[in-house]
Amino acid sequence: MVLHTEETYYWEIDTGEEGHTQVKKKWEGYAGCQNLVLVVTTTEQRMETMCSRAKDAQFPVAFTTFIKVTRDPYGKIWTDPKGRVGALPKPTPKTTQETGA
């Protein structure tokens, strides 16, 4: 069985090791991107800091923590820079025959 979704996401894993300047430079590479960038980070505090620094991001971005994403990746765990909380759509199962894999 293959899990399939119509959406494409970019994933960023934030360990808290990069400073604001490094993160800002990395995010500049996403400018104009139409796909949602999902950032998973270490703590609620780090997530809130990153959300506030992403208020002027030129791409769609949402944040969560490692604990939340491992408990329920499709729950309402994703926060955008405006403070809105949402969930990702669950992938739909497709059989090998449907995917040709």
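No lab work stands behind these numbers, since they all come straight from the coordinates. What you see is a predicted model, and the numbers here were worked out from it, not measured in a lab. Note: ideal-geometry Cβ built from the backbone for every residue, glycine included; neighbour counts use all protein chains shown.
Worth pointing out:
- Relative protection proxy for 56-69, 28-41, 6-19, from highest mean packing down: 56-69, 28-41, 6-19 (other beta-carbon atoms within 10 angstrom).
- Whichever aspartates and glutamates have a C-alpha closer than 20 Å to that of Lys55, once near sequence neighbours (fewer than 8 apart) are set aside: Glu12, Asp14, Glu18, Glu28, Glu44, Asp80
- Adding -39500 (n - 2.57) for every DSSP H run of four residues or longer, then dividing by how many residues the chain holds, sets the calculated 222 nm ellipticity at -7500 deg cm²/dmol.
- Extension gain for the segment Glu28 to Lys55, taken as residue separation times 0.36 nm less the Cα-Cα distance, is 8.4 nm to one decimal.
- Interchain or long-range residues, amide H under 5 Å from Val61's placed H: Val37
- FRET E, pair Tyr74, Thr8, Förster distance 25 Å, beta-carbon r, rounded to 0.05: 0.95
- Prolate/oblate/rounded call for region 1-74, Cα gyration tensor, a/c under 1.5 rounded: oblate
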